[in-house]
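Right, one structure below, let's go through it.
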Amino acid sequence: MTSTDRPVIAAVDGSSHSREALDWAAHEAVRRGLGLTIVHARTPDRRVGQETLRREAQELLDRSVRRVTELAPELRPSTLTPLDFPSAALTSLSRNASLVVVGSRGLGGFRSLLLGSNSLAVASMAACPVVVVHGGPSDEDAAAEETHSDIVAGVAADESSEGVLEFAFGTAASRPGARLRIVHGWTMFSSMLSGGPVFDRDAVADAAERTLAELTAGWREKYPQVEVVREPVGGSASRTLVTASATAALTVIGRRRGGESLGLGLSPVAQTTLTHALGPVAVVPC
């Protein structure tokens, strides 16, 4: 299966957050020239009959398809209703998807939580990039798209940044006029660990700037149409990323592969950004 055969998956559960995610997914599928699959997981529940679960799921999916048809008539979305827990179903489906899009919270859980458990689990375990939509009312989406054109990417100074940069540059290129801000946090300690300057703060800052230039050089040649702004940040990058997310079309962060079973997929910076972001966040497995 080629990348163009892999659809964008939108998870819906009837909540306002999932409707925002559906809208975002539909627009992104059009931008990328991909198909859209709308998924509602039927969580096993002994208190509710299977026929009732199937009927309610189909009604929700029918409403979702009608909504997409109004937003993006060119799309012909498919639907799936797996009988499984949402995070497990979406993680499994992510193996054959280009992108999974979820709302920041669903119908269950506590309103005080900034990020729902299913959204966090999918972002931590999926095989493909996951976008968690922290959005406002859907009728503001079009205006927000015009105002919020920056793509913001948080990168580390190692090979794990390749996946983040590939996704971020591709996303910016699909949005004419979008600017790509690349944020890298540095500290004296991280410089010491990497064999760089230790006592001279200005030298560490200069080294961080050079590192960003080296990381992005090849990508800037591949995507010359994308305006790039490099932002080395003294200290943790999470504060800068969270602040930038309020006016960004998308904030992109990386996630380590291999530590999912131990709960180690998200770094502290990624976890903070994903939890406190004020706009859509893409989590890219690296």
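The values are calculated or read from the model by the stated rules, or taken from the named source; none is laboratory data. None of these values were measured; they are calculated from a predicted model. Note that we place each Cβ from the backbone using ideal geometry, even for glycine, and neighbour counts take in every protein chain shown. Just the protein is used for accessible areas: all its heavy atoms, side chains included, with ligands, DNA and RNA removed. Shrake-Rupley method; radii C 1.70, N 1.55, O 1.52, S 1.80 Å.
Each residue was assigned an accessible area with a 1.4 Å probe, and for CYS128 the value is about 10 Å².
So how far, in whole Å, is the C-alpha centre of the range 28-86 from the one of the range 225-242? About 36 Å separates the Cα centre of the range 28-86 from the one of the range 225-242.
For SER267, the residues whose amide H sits under 5 Å from its own are ARG256, ignoring neighbours fewer than 5 places away on the same chain, with H placed 1.01 Å from N.
Computing FRET efficiency as 1/(1 + (r/R0)^6) for ASP158 and GLU51, where r is the C-beta to C-beta distance and R0 is 41 Å, gives about 0.20.
Compared with the direct C-alpha span, the chain from SER15 to THR243 gains 79.5 nm at full extension, assuming 0.36 nm per residue. Shown in residue order for the range 221-230 are the 3J(HN,Hα) couplings computed by the Karplus curve 6.51 cos²θ - 1.76 cosθ + 1.60 at θ = phi - 60°: 5, 6, 10, x, 6, 8, 6, 10, 10, 8 Hz (x for Gly and Pro). Residues PHE167, PHE85, sorted by accessible area with the largest first, give PHE85, PHE167 [1.4 Å probe; ligands and nucleic acids excluded].
Distant-in-sequence amide contacts of LEU250, defined by a placed amide H-H separation under 5 Å and a gap of 5 or more residues or a different chain, comprise VAL152. In this calculation the C-beta distance from ARG179 to PHE85 is compared with R0 = 41 Å, giving a FRET efficiency of 0.60. Distance between the pseudo-spin-label points of GLU221 and ASP5 (7 Å out from Cα toward the beta carbon): 3.2 nm. In the assembled protein chains, THR81 presents an accessible area of approximately 50 Å² (probe radius 1.4 Å).
Debye-formula intensities of the range 1-65, expressed as log10 I(q)/I(0) at q = 0.16, 0.23 Å⁻¹, are -0.59, -0.94 (one equal scatterer per alpha-carbon, no solvent).
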